[in-house]
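J.: Attaching a single structure in structure tokens format; questions to follow.
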Amino acid sequence: MITVLKKDTTDAQMQTLIDWLKGQSIDVHISRGAEYTVLGLIGDTSRVDMDLIASLEIVDSVKAVSEPFKQCSRKFHPEDTVIEIGDSTTNRVKIGGGHFAVIAGPCSVETEEQVLQVARAVKAAGATLLRGGAFKPRTSPYDFQGLKADGIELLLEAKKETGMPIVTEIMNAAHLPLFEDVDLIQVGARNMQNFELLKELGKIKKPILLKRGLSATMKELLMSAEYIMAGGNEQVSLCERGIRTYETYTRNTLDLSAVSMLHELSHLPVIVDPSHATGVKTLVAPMAQAAVACGCDGLMIEVHNDPKNALCDGAQSLTPEQFSLTMEKITKIRDVVVSI
Ligand code: PEP
Ligand code: MN
């Protein structure tokens with residue numbers, strides 16, 4: 001971090017600032033120019049309040065030269081992180097570092113028949129993990145809120161039958177005991193900055209899928225990953241699921257530049273969810289192909305056995321047949337990506 005002092009700063013004022021910084025274990029390199037004095041802050045500046053320094057009377061400007069995230073930063077961990085998902089009762093699935101995974105299943109778990117039918121179909125088409133919402137973050141309190149604990153039970157039944165690891169969303173840390181046998185815990189877009197939830201997930205030893213918030217910058221997404229990792233849980237995958245823009249034909253705007261940018265900034269795997277990113281079923285396959293082409297580590301796609309009667313997100317859900325065709329396309333694109 002670089003701090004430029006105002007022209008009329010006295011030596012005594014400068015020394016007071018330096019002493020305060022040293023008290024926070026920050027070393028200071030002083031560089032005196034003809035006009036300005038510049039302080040180079042050396043050490044772990046991630047804990048230094050940049051805005052507070054900028055607000056000091058003697059400070060002209062402050063500039064960060066390193067990112068505020070460390071654990072998820074590629075600078076501190078150049079190799080890709082590979083996340084292993086599944087337990088002794090399932091197939092093991094790897095994501096990241098060249099391992100590609102496809103998560104598929106309904107938006108919400110509705111009935112036993114629905115989740116089992118979809119699980120069998122997506123597995124046959126090549127998906128490696130089964131998704132399904134049990135606790136649903138719905139915009140309206142009058143909409144279907146999910147089957148909750150019963151929904152997780154139905155996912156566990158499908159896991160037992162198919163051997164697919166299961167993915168489902170947590171909304172409240174108090175529900176963690178219900179997630180004991182869930183293989184990958186999803187933090188949805190609306191909870192990306194639920195810092196108390198993130199801190200609790202940092203204390204467990206289970207992979208986390210962290211979705212980008214509706215209006216979150218990539219830096220904010222990485223800072224949220226940092227919350228989980230700072231607690232000791234390093235098994236975090238990031239998920240680009242579209243961000244809110246002025247566009248109305250699509251539910252959100254898929255930011256594919258995030259795949260490459262997050263790969264540059266971080267060693268964590270990046271998954272793309274073209275279903276929530278577009279909200280339109282005909283756009284899911286083309287956006288999935290584009291996401292694979294730009295190097296994502298996995299996809300999350302909503303599939304329903306009867307989309308017209310789905311209790312949630314029917315408009316963006318693929319039928320098992322449409323999902324199977326999508327898998328054929330993305331497999332071809334993936335083959336090209338690994339060969340170039
Ligand atoms: C979901 O995956 O079911 C979901 C609610 O997604 P998001 O948090 O991205 O809106
Ligand atoms: Mn959904």
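The values are calculated or read from the model by the stated rules, or taken from the named source; none is laboratory data. Here the structure is a predicted model, which is why all the values come from computation and not from measurement. All Cβ positions, glycine included, derive from the backbone under ideal geometry; neighbour counts span all protein chains shown.
J.: Which residue, of 144, 135, is assigned to a loop (DSSP other than H, G, I, E, B) and within 12 Å of ligand 2 (Cβ to nearest atom)?
T.: On inspection, the qualifying residue turns out to be 144.
J.: Hey, among the residues in the stretch 114-126 that are away from ligand 2 (no atom under 16 Å from the Cβ) and in contact (Cβ under 8 Å) with a residue 60 or more places away in the chain, which one's surrounded by the most Cβ atoms within 10 Å (Cβ to Cβ)?
T.: Top of the filtered list is 125.
J.: How about the stretch 287-314: which of its residues are within 20 Å of residue 169 (Cα to Cα) and either within 16 Å of ligand 2 (Cβ to nearest atom) or not assigned by TED's automatic domain parsing to the domain that holds residue 113 (or both)?
T.: Scanning the stretch 287-314 gives 299, 300, 301, 302, 303, 304, 310, 311, 312, 313, 314.
J.: Just the residues that are more than 16 Å from ligand 2 (Cβ to nearest atom) and touching a helix residue (DSSP H, G or I) at 6+ places or on another chain (Cβ under 8 Å), please, taken from the stretch 262-285.
T.: Passing the criteria: 262, 265, 266, 268, 270, 285.
J.: Please give the number of the condition residue 53 fails out of (1) among the aliphatic types (A, V, I, L, M); (2) in contact with a helix residue (DSSP H, G or I) (Cβ under 7 Å, 6 or more places away or on another chain); (3) crowded, with 17+ Cβ neighbours inside 10 Å; (4) closer than 30 Å to residue 12 by Cβ.
T.: (2)
J.: Now for a different question. How many residues does the stretch 75-105 contain that are of a type in the set (A, V, I, L, M, F, W, C), surrounded by fewer than 20 Cβ atoms within 10 Å (Cβ to Cβ) and at pLDDT 95 or above?
T.: Looking only at that region, the number is 1.
J.: Out of curiosity, is residue 131 modelled with pLDDT of 95 or more, in contact with a Gly (Cβ under 6 Å, 6 or more places away or on another chain) and among the basic types (Lys, Arg)?
T.: yes
J.: A further question follows. Please specify each residue of the stretch 288-340 satisfying the condition of being in contact with a helix residue (DSSP H, G or I) (Cβ under 8 Å, 6 or more places away or on another chain), of a type in the set (Ser, Thr, Tyr) and either loosely packed, with under 15 Cβ neighbours inside 10 Å or in a loop (DSSP other than H, G, I, E, B) (or both).
T.: Of everything in the stretch 288-340, those that are in contact with a helix residue (DSSP H, G or I) (Cβ under 8 Å, 6 or more places away or on another chain), of a type in the set (Ser, Thr, Tyr) and either loosely packed, with under 15 Cβ neighbours inside 10 Å or in a loop (DSSP other than H, G, I, E, B) (or both) turn out to be 317, 319.
J.: Please pick out the residue among 264, 226, 234 that is acidic (Asp, Glu), touching a residue at least 40 places away in the same chain (Cβ under 8 Å) and not in a helix (DSSP H, G or I).
T.: Going through 264, 226, 234 in turn, the sole match is 234.
J.: What are the residues in the stretch 206-222 that are touching a residue at least 40 places away in the same chain (Cβ under 8 Å), more than 13 Å from ligand 1 (Cβ to nearest atom) and buried (at least 21 other Cβ atoms within 10 Å of the Cβ), if any?
T.: Within the stretch 206-222, 207, 222 meet the criteria.
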